[in-house]
Each structure stands twice: as structure tokens, then as C-alpha cells.
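The values are calculated or read from the model by the stated rules, or taken from the named source; none is laboratory data. Keep in mind that this is a model prediction, so the values were computed, not measured. Quick reminder, even Gly has a Cβ in these numbers, built from the backbone with ideal geometry, and neighbours come from all protein chains shown. When the accessible area is computed, the model is the full protein with side chains, heavy atoms only, and any ligands, DNA or RNA have been set aside. Shrake-Rupley method; radii C 1.70, N 1.55, O 1.52, S 1.80 Å.
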Amino acid sequence: MSDDELLLFDFLFDKSLSFHHLRMEDYSFHMNCPYSHSLTDADLELTLASLVARGFLNCRVGKIWRIETRDYVDGKTYTMTASGGYLWELERLPDWDQYVATCQWMLGTDNREMIRIVCQTEEIGRLCLGAMFAAGLIAPSGRIRVRNGKRPTNC
């Protein structure tokens, strides 16, 4: 894998993303990091197509929510395949005991906030939720539902 492909996989390993999230100009903002890959938009399109052709990513075409326009547009969404995930794990050797991921979204017409925390233990998940509340990132609302499962999957 090239360094640029590996950086794309770092972002895609636990989520599905559209092209605009993966652009060189937007990568560091969405990843919350000070660096980005070096692919121009044209090179990014070619790289993503190559990763799909080699079976490391899936590509779905459909409606994508664009926060900038507050509307849906037609576009491609990319998700890592099992073989892409295996290759990424060989390169990065993640310590899944240290893994925590969160997703937040609004649900339904009443805009009920949903939060998903994916981690190895319920204790870590509750500590993460407490830290998010203490930092003012979320407000407590409703019940907490815990699901125990296998190691982390797409958020």
C-alpha cells in the first residue's frame, strides 16, 4: 500500500465516507489531525477506483447529505471491505483494547439525538460518555442502551 492509500484507510477503517470527506483539503478537518494525504482530486478519484477494483473498498452511489448546502446530493460513498480491513490491520497493527469511536446523529422528525460509542468494554463506554458530558459535547437525554458484541465494526 502507498502512504496515501494507508492514510485513506486510516479514515475509512470504521466508517463509510463520501468523496468530499476524503479530499486533501478536507481530510485533516474531518480526521481532526494536522496532516493530510497528497492526492489531488483527480488522483484521489483514480486511487479510490483502484482500491474498489482491487476489492479493498466498496463503492455505493446514492444520496449523500451535504452539510454545506443542507441538502442531499447524488454521490459515491466508500466503505472498506473485509480484505481491505485485513490489509489495514497488517499495516497498522491496531490495539483494539485502546479503541473508542463515537458517532452522533439526529433521528426522526423530532430530531432526537443518538450517540453510538464503540469500544471493548461497557466501562470504557460509560467513561467516554461521562467525558463527553463533562466537556459539554453532549447533554444527557433519555436512557442508555448497552449492546455487547464483537470487536468494532462500522460506526
Please work out if Val100 is open to solvent by less than 40 Å² (accessible area, probe 1.4 Å), in contact with a strand residue (DSSP E or B) (Cβ under 7 Å, 6 or more places away or on another chain) and under 30 Å from Asn148 (Cα atoms).
-> no
Within region 78-90, is even one residue over 22 Å from Arg116 (Cβ atoms), open to solvent by 60 Å² or more (accessible area, probe 1.4 Å), over 17 Å from the mean Cα position of the chain (by Cα) and in contact (Cβ under 8 Å) with a residue 40 or more places away in the chain?
-> no
Subset of region 44-62 [touching a helix residue (DSSP H, G or I) at 6+ places or on another chain (Cβ under 9 Å) and either free of Cβ contacts under 8 Å to residues at least 24 places away in the same chain or open to solvent by less than 70 Å² (accessible area, probe 1.4 Å) (or both)] = Leu44, Thr47, Leu48, Ser50, Leu51, Arg54, Gly55, Phe56, Leu57, Asn58, Cys59
Looking at region 36-155, what helices (runs of 4 or more DSSP H) fall wholly within it and have at least 2 residues that are at pLDDT 95 or above?
-> 41-53, 82-92
Breaking point among (1) within 30 Å of Met1 (Cβ to Cβ); (2) loosely packed, with under 13 Cβ neighbours inside 10 Å; (3) not hydroxyl-bearing (Ser, Thr, Tyr), for Cys119 = (2)
Region 17-35: number of residues that are surrounded by fewer than 16 Cβ atoms within 10 Å (Cβ to Cβ) and part of a loop (DSSP other than H, G, I, E, B) | 4
Taking into account only those residues within region 107-138 that are within 21 Å of the chain's Cα centre (by Cα) and small (Gly, Ala, Ser), which is farthest from Asp95 (Cα to Cα)?
-> Ala131
Being open to solvent by less than 40 Å² (accessible area, probe 1.4 Å), closer than 30 Å to Leu137 by Cβ, touching a Leu at 6+ places or on another chain (Cβ under 8 Å) and not aromatic (Phe, Trp, Tyr), is that true of even one residue in region 65-76?
-> no
Looking at (1) in contact (Cβ under 8 Å) with a residue 60 or more places away in the chain; (2) loosely packed, with under 13 Cβ neighbours inside 10 Å, find the lone condition where Phe9 falls short.
-> (2)
Do the conditions hold for Asp4, that is, is it open to solvent by 20 Å² or more (accessible area, probe 1.4 Å), closer than 21 Å to Cys103 by Cβ, part of a helix (DSSP H, G or I) and touching a residue at least 40 places away in the same chain (Cβ under 8 Å)?
-> no
